[in-house]
1. Just to compare against my own numbers: the Cα pair-distance distribution for segment 245-379, 10 Å bins, whole % per bin, please.
2. Given the whole protein assembly as supplied and a 1.4 Å probe, what does the accessible area of Thr4 come to in Å², nearest 10?
3. State which stretch of the chain is the longest one without any exposed chymotrypsin sites (Phe, Trp or Tyr not before Pro), exposure meaning a DSSP loop state and at most 14 other Cβ atoms within 10 Å.
4. Return the whole-Å distance between the Cα centroid of segment 173-193 and the Cα centroid of segment 263-296.
5. For a quick check of your reading of the filter: which GluC sites (Glu not before Pro) in segment 298-379 sit in a DSSP loop and have no more than 10 other Cβ atoms within 10 Å?
6. Rounded to the nearest 0.05, what FRET efficiency is calculated for Phe167 and Ser331 with R0 set to 35 Å and r the Cβ-Cβ distance?
7. For Ala344 and Glu95, compute 0.36 nm times the residue count separating them, minus their Cα-Cα distance, and round to one decimal in nm.
8. Run down the aspartates and glutamates and flag those whose C-alpha is under 13 Å from the C-alpha of Lys171, throwing out any fewer than 8 positions away in its chain.
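The values are calculated or read from the model by the stated rules, or taken from the named source; none is laboratory data. No experiment lies behind these values; they were computed from the predicted model shown. Using ideal geometry, Cβ is built from the backbone for each residue, glycine included, and neighbour counts are taken over all protein chains shown. Only protein heavy atoms, including side chains, enter the accessible area calculation; ligands, DNA and RNA are left aside. Shrake-Rupley method; radii C 1.70, N 1.55, O 1.52, S 1.80 Å.
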Amino acid sequence: MRRTGFVWNEKFAWFELQAYGGVVRGGVDSMQPDRHVYDPEVVRRFRNLVDVSGLLKKLVDIPARLATGLEIGRVHTSDHINQIKIMSGFPTGGEPGDDAPVPYGAFEIASLAAGGAIAAVDAVMSGEVDNAYALLRPAGHHSRPDRSMGFCIFSNAAIAGRHLLDFHNVKRIAYVDWDVHHGNGTQAALYKEPRALTISIHQDRLYPVDDGFVEQIGEGRAEGTNLNIPLPPGCGVEAYCAAYDRVVIPALQAFRPDIIIVPSGFDAGAMDPMGRMMMHSDGYRQLTRKLMAAADELCGGRLVFLHEGGYSRWTVPYFGLAVLEELSGISTGTSDPHLEYHKALGGQELLPHQTEAIDAAAANVARVPQPACQAGVAD
């Protein structure tokens, strides 16, 4: 068993986007108002399954706190922060970015999510817990330094990373983003930062359509520290495992981070409305084991998951529970009722065109910079 921290605050589920139909506003022309696809019930059901499974009381509660202006400002411009603060004070909110509505009260909740990410990495770095999962909302990995994007207000993972670099004096951080969408905001925030390795495994040209390519490798002194693994639609567990074995894990072993952060979106699941992949709960177990083994080898097991997307109310809770069981080493005996159906789907095996895409991404592993001490120079 391991001491696994869990970050949750009920206010995360109060970030509510109302009167939408999917991702467009309802109540006009022919669109009957409905729920936004980014439904707060997904994270609430995730938390509640962890509770009823009995696992919640065995996790270490890590209280979220509000991130300060200084902490958010390490990543975001003052104009962006002020714009969110102003719009979230309007009774009807606003939409200052790309596909990123800002509801009433969003500034406080987004600051709480960013602070929850910081609290999670603090708990791991202090040794209070061995690893942690922060069930945050709103998500963050699309938010760029100067604007919100893709349901994301502040870049939680990048803010936590900057806190690690500036406050904890961590030498190297690695990100492994497994959300089905490209982690463009985290990439943008750290593209010139040689102390951060940013890896994103995502569906090719899903969102954003003009980002997330293998040619994007970092810039200046950070060249080689950005790896994108754009996979074709329809990839199953074998393709994801191959990408981890051939790209993610070798890149981590080369970079040798002091901590690994996982922007954890579960929208690569087979039933998710926002992606076209075929992952299932056992697949997420396998990927979690791979990351835990890498963290044990490289950085004393320091591993933090920060929740991102995932839009299926039926499957995301089981994916999240599977990850938490692996992180903690505690089996609750709770079965995923969808698992056998997902395993039986055709195309779960690794296919030739998927191998080709993984090969293209694997070519960049040789570019990943190794720490100076590993290269034979005193660190």
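1. Computed distribution, short to long bins: 11, 34, 36, 15, 4, 0.
2. Here the residue's solvent-accessible area equals roughly 0 Å².
3. Details: sites that count: Phe167, Phe213, Trp314.
Of all site-free stretches, the longest is 1-166.
4. 16
5. Values: sites: Glu308, Glu325, Glu326, Glu340, Glu349, Glu356; in loops: Glu308, Glu349.
Sites meeting the loop and neighbour criteria: Glu349.
6. Numbers: r = 36 Å, r/R0 = 1.02.
Taking R0 as 35 Å, the efficiency between Phe167 and Ser331 is 0.50.
7. Working: separation 249, 0.36 × 249 = 89.64 nm, distance 4.13 nm.
Length gained, Ala344 through Glu95: 85.5 nm.
8. Answer for Lys171, where 13 Å is the Cα cut-off: Glu193, Asp258, Asp379, listed by chain and number.
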